[in-house]
Amino acid sequence: MHYIENSKNLLICGIILLISVGLFWIWELIKESVYKGWHTRIVRNSLMKGFLLFLVSEIMLFFGFFWAFFHSALSPSIELGGVWPPYGLYTIPVYEYPLLNTCLLITSGFSVTWVHRGIASGSYKETIDGFLITIILGLIFVYFQVKEYYDATYNLQDGIYASSFYMLTGLHGCHVIVGVIFLIIALISLLVNHYTTTHYLRLVFAIWYWHFVDIVWIVLFLSLYCWGSW
């Protein structure tokens, strides 16, 4: 990434290794829960606590970058012109892609809740419809986020506002992509009858993760876009 010799090969190998570990981990969970019946109530409770701790670690990751943003936003230094956003920087209008993406994610939050309601009540058609709507909305969100980057008048090197903006929105975009993959895997598990009306823990994890993505975006929208534009 920094034009070091063979750095691209190292990056590609790292990505392949990361994806492989994730896929093998998911496959082990499927074998333990579906085929071997090892996921007793105690094991499920332990997995739920572990996943909640994972979400807490993700919250702290975003908290660190939000801290950098608000540190400069609440007390702009003289190098920034004493104003926020910095003088001469044209921010992205809040009523364009940001508002559209906010509507998309809020709607996906309702549809993924529809998934949970459907699986709990045994309505598999309702569950599949909710899955498809949520996945499509997530992909549309990523598409408009990329378009927003192309239309932006600043890049990562243009000061603390730009670097905080791209770091936070880019990190969130990566989480949206991971969330879509998570939902696709959960949908495949549903189609091959891995879930019952009482045992669908991996699906619950996917729903929790997507709600986490929704909440982070709302905070991003209010701080980066609304505050930045107004």
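Observations, loosely collected:
- In the chain, the DSSP-assigned H stretches of four residues or longer account for a calculated mean residue ellipticity at 222 nm of -25500 deg cm²/dmol, using -39500 (n - 2.57) per stretch and the full residue count as denominator.
- Taking the three principal axes of the alpha carbon atoms in region 1-70, the coordinate ranges are 49, 36, 10 Å, sorted in descending order.
- Contour excess over end-to-end distance, with Cα ends at TYR149 and TYR95 and 0.36 nm allotted per residue: 17.9 nm
- The phi torsions of region 95-103, fed into the Karplus equation with coefficients 6.51, -1.76 and 1.60 and a -60° offset, translate into couplings of 8, 9, 4, x, 5, 4, 5, 5, 4 Hz, rounded to whole numbers, with Gly and Pro shown as x.
- Of the chymotrypsin sites (Phe, Trp or Tyr not before Pro) found in region 24-131, those in coil by DSSP whose Cβ has at most 16 other Cβ atoms within 10 Å are TRP38, TYR87, TYR90, TYR95.
- Hydrodynamic radius by Kirkwood, which averages 1/r over all alpha carbon pairs of the chain, in angstrom: 19.7 Å
- Note on region 109-215: Cα-Cα pairs beyond 17 Å make up 54% of the total pair count.
- Cross-link reach is defined here as a Cα-Cα straight distance under 17 Å, omitting same-chain residues fewer than 8 places apart; for LYS36 none of the lysines meet it.
Where a number appears in this text, it was derived from the coordinates with a stated rule and is not lab data. From a predicted model like this one, the values you see are computed outputs, not experimental measurements. Cβ coordinates were reconstructed from backbone atoms using ideal geometry, including for glycine residues, and neighbour counts include every protein chain displayed.
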